[in-house]
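Written out below as structure tokens is the structure these notes cover.
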Amino acid sequence: PTPYNHKEIEKKWRKYWQENPVNVNDGKKPKYYCLDMFPYPSGSGLHVGHWRGYVISDVWSRYKLLNGYYIIHPMGWDAFGLPAENYAIKMGVHPRVSTAENIATFKKQLEDISAIYDWDMEVNTTDPEFYKWTQWIFVKMFKAGLAYQKEMPINWCPSCKTGLANEEVVNGECERCGTPVTKKNLKQWMLRITKYADRLLEDLNKLDWPEKVKKMQTDWIGKSYGAEVDFEVQGSDKTIKIYTTRPDTLYGATFMVLAPEHAMVSELTKPEQKEAVEEYIQKALMKSSVDRMQDKEKTGVFTGSYAINPLTKKPIPIWISDYVLADYGTGAIMCVPAHDERDFDFAKKFGIPIIQVISKDGKEVPELNEAYTEPGIMINSGEWNGMDSETAKKEIPDLLEKMGIGKKTVNYKLRDWVFSRQRYWGEPIPIVHCEDCGPVPVPEEELPLLLPDVEKYEPTGTGESPLANIHEWVNTTCPQCGKPAKRETNTMPQWAGSSWYFLRYVDNKNDKELVSKEKAQKYLPVDMYIGGVEHAVLHLLYSRFYTKFLKDIGVVDFDEPFIRLFNQGMIVKNGAKMSKSKGNVVSPDDLVRDYGRDSLRLYELFVGPPELDSEWDDRGIDGVYRFLNRFYNLVMDNKDKTVEPTQEMIKLRHRFVHDITTRLENFSLNTVVSGFMEYNNKMIDLVKKAGGIDRDTLETAIILLAPFAPHISEELWAQMGHDTSVFKNTWPTYDEEMLKDSEIEIAVQINGKTRGTVMIPADASKETAINKAKEVLAGKISGTIIKEIYVPGKIVNIVVK
Ligand code: ANZ
Ligand code: ZN
């Protein structure tokens, strides 16, 4: 027979699928929505690292297809954002032009994977027909009081010259370009995501997501229970409100710290401290929140004022330090150096007393080397002494409430979402500023508000977007009162489109609604979402927020967008993430040419556990290529033989189905591939033994392989004599009974000494076991047998004299 020719086979079947799509919506099958995180179409194209996620999602889609589902497996483009804009600044090419070119290249490269994407569903976030709805959601949020303006110091990237959301600042650096982030005071559009904090937290329970991602979201939302307490300022009628999660430590509060931005700083600062305080504040304001939290060496300055500890009634000094953040809790804290690490470092550095109020065993430690942060027994705490601290934590707030100086509160780390970007290549925020009416939304029927062309893309750096220079566009009339007014010139962040795109795929041509009720009900939400873990907080949190809002205004009737989530690891080469900037990119093109798509698909899975980062080794693809050749030859050599299946063949088939199915269900895709290799060898052994292999086993193997290596599977299915696609089959099933071992091995002994082993039927009687054992011992027994012992399933012992 002809040898495996991947080029011809792949060409033939890619053409066949184009003319005969395998995934059809007959209106009767249940849907299964398997979604890839859509790519940003960069100029550098796809490398084998990108392929990984797309292969995984296609395998999963085809598996569900074989399980009787109609698959929704769309693809689109997250195409607004900085790279296209930076390219425009450098090369003078309009982002619209470079984006369109990149999309065309990307699409061609994506099609090479032979995934079952439904290109009729394609969306592009920069298409006015799409961003009309991104703007519409903003208008709806504005009307619902969820979009508002606020002047505040925001994270500012001096290199990208734009404001950033907290989520876009990673270790104090701009998520995109790595430049240290500073602060800038700007009037911002904000989205009130904090209003959804509790729902975002609680609904995590509904999701079949990796625990790691749920924990990252839980920590980001950061709900904590504590108390607010008012501390009197000594010699004044003013009080300072603090937030603490540890009211049980109140007796140990020996100083207080205010954030440098706190409103009371200037009135608390004594004249002799004024210069030092002002200098300190200047420096602190330039630092990012992350630096402020993480800086090892504590810094601070004394205000000269004192507060009164409400329980000890003792005066405690009031300091200013940047480790207290202005926008968390009340921006002021009571400091308990004995039980808080940061306070401990601070007190050590500035010589402030450390008083222990909680101890492991009720005894004071002579010299604390570090803060004791565990619960324990209350000491040095007046009438609370001897109580366990967890009880005190609950009861002290009640006392404070009775004293009228405190109350229980809940706090969140989650902040409202800074939603304005001072850049060009984004959705214009559809708001008109009118002197009389204030901010007025563009009427819904006038959307989309088109992004106008500019001459210069350079960010102004003043905090204004390049759109501010287009006077004809900026100057307009108020939609409410008709007077001259000005358009908002900030644009939306790149996250805006990606927060809801998955809803649009299923009704991408609807010009009346974001998505029709009928289609939403039929095809949404997403059953399986596949993408990189780097989106664990940003995109996945924003999408959940948008979905909940759209549910609240009746657009959809579910409140979680992604039921199941799988995060694939990265492909690394020579230890570094594969990327053009690192110069370690492997292009799929040569591999497709030399080994074929089926081999590359298999190698993408074989390279390592899909959830982990895996090292790429070009030589590894040889192994899967050899496997495909061997399998091809096995089928071709045996397809025309008529072989009655033996028990061994039937068992092999059931075990094969079982092993591949359970590994696939567990997303252990690398072991699926090794499973194919292993069973292929077993089949080859059987052929050697029996002269052939039965048709049922061969066909089952072909169907099992189909989601992973679809071209060769189609070809072999046709070679078996079928004239329909292999994907018209249903996924094979197995019989649990067939997995059981029917033969077991037992030890055979003479006078307690093992002389060999023998295979017997698992349910053999004592008599059969002993007879089988005697066959092994033939010629070895001398003397007379006085006893025959059978320990079921384990040993036959013949006692002789
Ligand atoms: C006294 C205390 C004693 C505290 C102790 C902790 C341990 P989470 O769990 O993160 O909510 N805190 C409050 N507001 C702050 C701010 N704006 N900037 C920095 N730190 C702030 O942490 C709450 C705890 O962090 C609060 O409880 C407060 O310190 C501090 F043994 O109060 B604690
Ligand atoms: Zn007006």
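Only the coordinates and a few stated rules stand behind these numbers; no lab work does. None of these values were measured; they are calculated from a predicted model. Positions of Cβ are backbone-derived with ideal geometry, glycine not excepted, and every protein chain shown enters the neighbour counts.
Working from Cα pairs under 8 Å separated by at least six residues, relative contact order for segment 32-187 is 20 percent.
Once a ≥ b ≥ c are taken as the square roots of the eigenvalues of the Cα gyration tensor of the chain, is the result rounded (a/c under 1.5), prolate (a/b larger than b/c) or oblate (a/b not larger than b/c)? Walk me through the intermediate numbers first.
Values: a/c = 2.74, a/b = 1.43, b/c = 1.91.
Taking the square roots of the gyration eigenvalues as a ≥ b ≥ c, the chain is oblate.
Under the simplified labelling scheme, the residue 266-residue 360 pair shows an inter-label distance of 5.0 nm, with each label point 7 Å from Cα along Cα→Cβ. When 733, 244, 312 are arranged by Cβ crowding within 10 Å, least crowded first, meaning fewest neighbours, the order is 733, 312, 244. Stretched out straight at 0.36 nm per residue, the stretch from residue 369 to residue 519 would grow longer than its current Cα-Cα span by 47.6 nm. Which shape class applies to segment 552-689: rounded if a/c is under 1.5, otherwise prolate when a/b exceeds b/c and oblate if not, where a ≥ b ≥ c are the square roots of the Cα gyration tensor eigenvalues? Cα axes put segment 552-689 in the oblate bin. Phi-derived couplings, Karplus 6.51 cos²θ - 1.76 cosθ + 1.60 at θ = phi - 60°, listed residue by residue for segment 96-112: 5, 6, 5, 5, 4, 5, 4, 4, 4, 5, 4, 5, 4, 5, 5, 5, 5 Hz, with x used for Gly and Pro. Amide H to amide H distances under 5 Å link residue 186 with 152, 154, where only residues 5 or more positions off or on other chains count and H is placed in the peptide plane.
Using DSSP to call loops (not H, G, I, E or B), can you name the trypsin sites (Lys or Arg not before Pro) in segment 1-85 whose Cβ has at most 10 other Cβ atoms within 10 angstrom? Kindly include the intermediate steps, with their values, before the conclusion.
Values: sites: 7, 11, 12, 14, 15, 28, 31, 52, 62, 64; in loops: 28.
Filter output for segment 1-85: 28.
Here the gap between residue 509 and residue 741, fully extended at 0.36 nm per residue and compared with their Cα-Cα distance, gives a gain of 77.9 nm.
Restricting to bridges with both residues inside the chain, how much of the DSSP beta-bridge set is antiparallel, in percent to the nearest 5?
Numbers: 71 of 95 bridges.
Bridges in the chain are about 75 percent antiparallel.
Put in line by how crowded their Cβ is, counting other Cβ atoms within 10 Å and starting with the fewest, 495, 51 read 495, 51. Relative contact order of the chain, taken over Cα pairs closer than 8 Å and 6 or more residues apart, is 14 percent. In this label model, residue 619 and residue 759 are separated by 3.7 nm, measuring between points 7 Å along each Cα→Cβ vector.
Seen through its C-alpha gyration tensor, with square-root eigenvalues sorted a ≥ b ≥ c, segment 483-571 comes out oblate because a/c lies at 1.5 or above while a/b is not bigger than b/c.
Can you pull out the trypsin sites (Lys or Arg not before Pro) in segment 489-594 that DSSP calls coil and that have at most 11 other Cβ atoms within 10 Å? Don't jump to the answer; show the numbers that get you there.
Values: sites: 504, 509, 512, 517, 519, 522, 544, 548, 551, 564, 573, 577, 580, 582, 593; in loops: 509, 512.
Here the sparse-neighbourhood loop sites are 509, 512.
Once backbone amide H atoms are built at 1.01 Å from N, residue 529 has 35, 564, 565, 566 as its partners under 5 Å, excluding neighbours fewer than 5 places away on the same chain. The relative contact order of segment 224-411, computed from alpha carbon pairs under 8 Å that lie at least 6 residues apart in sequence, is 29 percent. Taking a Cβ cut-off of under 13 Å around residue 240, the surrounding Lys, Arg, Asp and Glu residues balance to a net charge of -3, with basic ones at +1 and acidic ones at -1.
Multiply the residue gap between residue 150 and residue 456 by 0.36 nm, knock off their C-alpha separation, and tell me the result in nm, one decimal place.
Details: separation 306, 0.36 × 306 = 110.16 nm, distance 2.79 nm.
Result for the pair: 107.4 nm of gain on full extension.
Can you pull out the GluC sites (Glu not before Pro) in segment 510-539 that DSSP calls coil and that have at most 11 other Cβ atoms within 10 Å? Please list the in-between numbers first.
Values: sites: 513, 518, 534; in loops: 513.
Here no loop site has a sparse enough neighbourhood.
In this rough spin-label picture, where each label sits 7 Å from Cα along the Cβ direction, the residue 390-residue 89 distance is 5.5 nm.
Neighbour counts of C-beta atoms inside 10 Å place 129, 10 in the sequence 129, 10, starting with the fewest. Karplus-derived 3J(HN,Hα) values for segment 570-585, using 6.51 cos²θ - 1.76 cosθ + 1.60 with θ = phi - 60°, are 8, 8, 10, 9, 6, x, 10, 3, 5, 7, 4, 5, 8, x, 10, 7 Hz; glycine and proline are entered as x.
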